[in-house]
Amino acid sequence: MITFYEKIEKPILALAPMAGYTNQPFRRICKFYGADVLYSEMASATALSYGGKKTLELLKFSKDERPYVVQLFGNDPKYFQNAARIVTEKIRPDGIDINMGCPAPKVYKTGAGAALFCDQGKAIAIIEETLKGTDLPVSIKIRSRVSKYTAYKFMKKIKDYPLAAVMVHGRSYEKAFSGSIDYITIKRIKEMVSYPVIANGGINTPEEAKMMLERTGADGVGIARGALKNPWLFLQIKEYLETGEYHEFDLKEIKTAALRHTEMAQDDMGAHGVLEMRKYLLWYFRGFENAKEFRRKLVEVESLEDVKRTLEMLEG
Ligand SMILES: Cc1cc2nc3c(=O)[nH]c(=O)nc-3n(C[C@H](O)[C@H](O)[C@H](O)COP(=O)(O)O)c2cc1C
């Protein structure tokens, strides 16, 4: 099947899923700044299967977010077919992804996320059930290794399944979110599978994106925390890959981006959206560690006007 992953011009620049962060306004600001594919926060297959309205509500998206991929997580194959069917019918995203890489204890200890590597029969059953529940492209997101279980061997087992893409976080479960990237594993997976491979982990600059692409031969990169620091990273990567240079955002442009994001949050989520912005605003102004009063005010904003006033405190 030719999927949207195949149709997008390479390299694919994807906003990787982040629970608590990749909500609708954050996805929209990343899209505005050049992200090619947007992943939702992970959603529980079990909750969806039981008709969880809140979970469904969290997955809604707008037309300007396409292609949009809903990520499911869970530990029991029996819920995935129904969850995939519900997402397909009620949300109508462009793809469904399965979380096989999350190390968070509350996910891992239930046997979901990265723990699926330790029960590969179950992992494969989850893929099969998801495929049965949808005609949308199905992808998976994995880690390079979980204890003795390697991504390469897992992918070898499933390479003939009709998956649309795989995003590989080049760190083991044990490394969690820091440490060196296993480029070789990603490269070997790319050489083995016929569908697009998206390389993920540690990309915070255009130079790191280029290095990841060169070392792995991947079809694209997935960016998580780098996009929290600067959602315009996608644009910078595109510019750098084309010209060898890229534009650094100055303070005025950072403020414009933060304000644009806040407006989107207000549009999508009303007053609650502005409250949600507090944590994102801290990311935008991470480099401004000395502006103590400014940062204190950022976490107290209650309205768009508050955000505007607070941003004016910083010169530039
Ligand atoms: C706050 C946070 C939440 C995350 N939530 C998810 C998630 O819901 N699903 C998932 O597959 N990965 C999740 N991840 C992992 C990221 O998608 C990504 O694989 C990881 O952060 C490495 O990429 P980075 O170095 O660009 O941040 C999360 C990471 C962070 C920091």
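Just so you know, all these numbers are worked out from the coordinates, no wet-lab data involved. These numbers were taken from a predicted model, which means no experiment stands behind them. FYI the Cβ positions are ideal-geometry reconstructions off the backbone, even for glycines, and counts take in every protein chain you see.
Side notes on the structure shown:
- For region 251-312: relative contact order, % (alpha-carbon pairs under 8 angstrom, 6 or more apart): 36 percent
- Peptide packing: for 240-247, 93-100, the average count of neighbouring Cβ atoms within 10 Å per residue gives the ranking 93-100, 240-247, highest mean first.
- Gain on full stretching of the segment that runs from Thr110 to Arg215 - 0.36 nm per residue minus C-alpha separation: 34.4 nm
- Cross-link pairs beyond the 31 Å C-alpha cut-off, checked among Lys109/Lys157; Lys7/Lys157; Lys60/Lys238: none
- Rg/Rh for region 4-243, where both radii come from Cα atoms and Rh is the Kirkwood radius: 0.93
- Length added when fully stretched, Tyr50-Met313, from 0.36 nm per residue minus Cα-Cα: 89.9 nm
- Estimated dipole of region 120-261 in Debye, rounded to 20 [Cβ of Lys and Arg +1, of Asp and Glu -1, Cα centre]: 740 debye
- Cα-centre dipole for the chain with unit charges at Cβ (Lys and Arg positive, Asp and Glu negative), debye to 20: 1120 debye
- Highest-fluctuation residue, Pro231, Pro162, Pro17 considered, GNM on the chain with Cα pairs under 10 Å: Pro162
- Comparing Cα centroids, region 284-316 and region 2-30 end up 28 angstrom apart.
- Whole-Hz Karplus values for region 261-273 come out as 4, 4, 4, 5, 4, 5, 4, 7, 10, x, 4, 4, x Hz, taken residue by residue from phi with 6.51 cos²θ - 1.76 cosθ + 1.60 and θ = phi - 60°; glycine and proline positions read x.
- Counted by Cβ distance under 10 Å from Asn200, the other residues give a net charge of +3, where Lys and Arg count +1 and Asp and Glu count -1.
- Cβ-based net charge around Asn82, under 14 Å, with every Lys or Arg adding one and every Asp or Glu removing one: 0
- Relative contact order of region 4-243, pairs being alpha-carbon contacts under 8 Å that are 6 or more residues apart, as %: 19 percent
- Candidates Thr55, Val37, Phe4 compared by Cα position along the dipole of region 1-62: farthest toward the positive end lies Thr55, with charges placed on Cβ.
- Of all the options Ala164, Ala84, Ala19, the one that moves most in a Gaussian network model of the chain with Cα springs shorter than 10 angstrom is Ala19.
- Along the chain, longest interval not containing exposed trypsin sites (Lys or Arg not before Pro), exposed being DSSP loop plus at most 16 other Cβ atoms within 10 Å: 160-285
- Theoretical FRET efficiency, 1/(1+(r/R0)^6), r = Cβ-Cβ of Glu174 and Asn290, R0 35 Å, to 0.05: 0.45
- Cα gyration tensor, region 96-221 - rounded (a/c under 1.5), prolate or oblate: oblate
- The chain: angle of helix 233-243 to the longest principal axis, Cα-based, in degrees nearest 10: 80 degrees
- Projecting the Cα atoms of Ala14, Pro67, Ser144 onto the dipole axis of the chain, where Lys and Arg carry +1 and Asp and Glu carry -1 at the beta carbon, places Ser144 farthest toward the positive end.
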